[in-house]
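For reference, the structure discussed in these notes is given below.
The values are calculated or read from the model by the stated rules, or taken from the named source; none is laboratory data. The model shown is predicted, which means the values in this text are computed figures rather than measured ones. Cβ coordinates were reconstructed from backbone atoms using ideal geometry, including for glycine residues, and neighbour counts include every protein chain displayed. Side chains are part of the model used for accessible areas, which takes the heavy atoms of the whole protein and leaves out ligands, DNA and RNA. Shrake-Rupley method; radii C 1.70, N 1.55, O 1.52, S 1.80 Å.
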Protein chains: 2
Amino acid sequence: MFSIGELAKQVEIKITTIRYYEQIGLIKEPMRSLGNQRRYNEAHIKQLRFAKHARELGFTLEAISSLMEMEATAKNDCGKIDQIAKQHLQHVKDKIVLLIKLQTELERMVSGCDNKCYVIESLSDHHLCTTEHKLTVLEDSKAR
Amino acid sequence: MFSIGELAKQVEIKITTIRYYEQIGLIKEPMRSLGNQRRYNEAHIKQLRFAKHARELGFTLEAISSLMEMEATAKNDCGKIDQIAKQHLQHVKDKIVLLIKLQTELERMVSGCDNKCYVIESLSDHHLCTTEHKLTVLEDSKAR
DNA sequence: TCTTGAAGCTCTAGTAACTAGAGCAATTAT
DNA sequence: ATAATTGCTCTAGTTACTAGAGCTTCAAGA
């Protein structure tokens, strides 16, 4: 049994984030001490490590929640689990393609600063662009 | 002079977004009709086109705001403008590197679904990973 | 000129995944 | 016993929008 502070150190997740995960139902509510403080066990460590790792790989909390549920109930429903992972993989791939286009465009902009500002000019006039670059697919994880 | 609806069509930005840009001070407040409706001119079109293009390239609204200000005041302060663009470029580059690592890891996970679920296993145990993948740098644009 | 339907207005709240702070209570160490 | 640390809840802020309620204004036709 450990406090939220100890848990936070163990798993390297901020205290506030742990409480947030509990609030949204991602992790199970822990026991409480007589004085109403949270008391955790090994199971919580496992759960949080799983969540942390998945977040680092860019899974959304929603996806993580699904994965956890599946793990807990039907160990063998490999199909759905794989589907979530594959979907995410595709998402990552799409994003890479897009970012490389952006990179190209930005490099072109930045390189040519001789007399007049090419950055401003490029931004003012889309026709100066060589590639298509629309952030249409994107929505992204924000982590630290 | 055109209404917000006409402007929205011209620049292909949603009405609500235009009002939002005004609210946060990204674009100038337009004149109003006698009945208090917004009336725009060519200058607003230019401003919004600029903003849209920059957003598509992944610049934050804050960066766009800075760029616009610089364009309006000191046409020749190419250094700062270039700095913002370069910074963004670096951000994009960093992200690409990271996403490629994630791609590797996810592909490894997904591929090996023979009997037991490798996805869950991998997520449960970080040591099974071959590359480092931490979304430490990330914070991302969300656009459409 | 009157009416009606489309378009516009403001204000509030919701999205994802947290983070920060106020103001108070419990725990731990001395 | 007391002080320092840690924990508690609740609220609000972050980014870049989007959606909806409830109301007003505009433009066009009868």
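Of A:Ser65, A:Ser3, A:Ser33, all but one fail to be among the small types (Gly, Ala, Ser) and touching a strand residue (DSSP E or B) at 6+ places or on another chain (Cβ under 6 Å); the exception is A:Ser33. Considering each of A:His88, A:His53, A:His44 in turn, give the residue that is surrounded by 14 or more Cβ atoms within 10 Å (Cβ to Cβ) and in contact with a Pro (Cβ under 9 Å, 6 or more places away or on another chain). After ruling out the rest, the residue left standing is A:His44.
Against the test of being within 16 Å of DNA strand D (Cβ to nearest atom) and at pLDDT below 95, the options B:Gln47, B:Gln83, B:Gln90, B:Gln37 yield a single qualifying residue, B:Gln47. In the list A:Glu56, A:Glu12, which residue meets the criterion of being in contact (Cβ under 8 Å) with a residue 60 or more places away in the chain and either within 13 Å of DNA strand D (Cβ to nearest atom) or acidic (Asp, Glu) (or both)? Every option except A:Glu56 fails the conditions.
The set of residues in the stretch B:7-18 that are surrounded by 12 or more Cβ atoms within 10 Å (Cβ to Cβ) and over 18 Å from B:Phe50 (Cβ atoms) contains only B:Ile15. Selection of the stretch A:80-104 for residues being in contact (Cβ under 8 Å) with a residue 24 or more places away in the chain and of a type in the set (Asp, Glu) yields only A:Asp94.
In the stretch A:19-32, what residues are open to solvent by less than 30 Å² (accessible area, probe 1.4 Å) and within 8 Å of DNA strand C (Cβ to nearest atom)? Explain how you work it out, then say what you get.
Narrowing the stretch A:19-32 to residues open to solvent by less than 30 Å² (accessible area, probe 1.4 Å): A:21-22, A:26-27, A:30.
Listed by number, the list holds a single entry, A:Tyr21.
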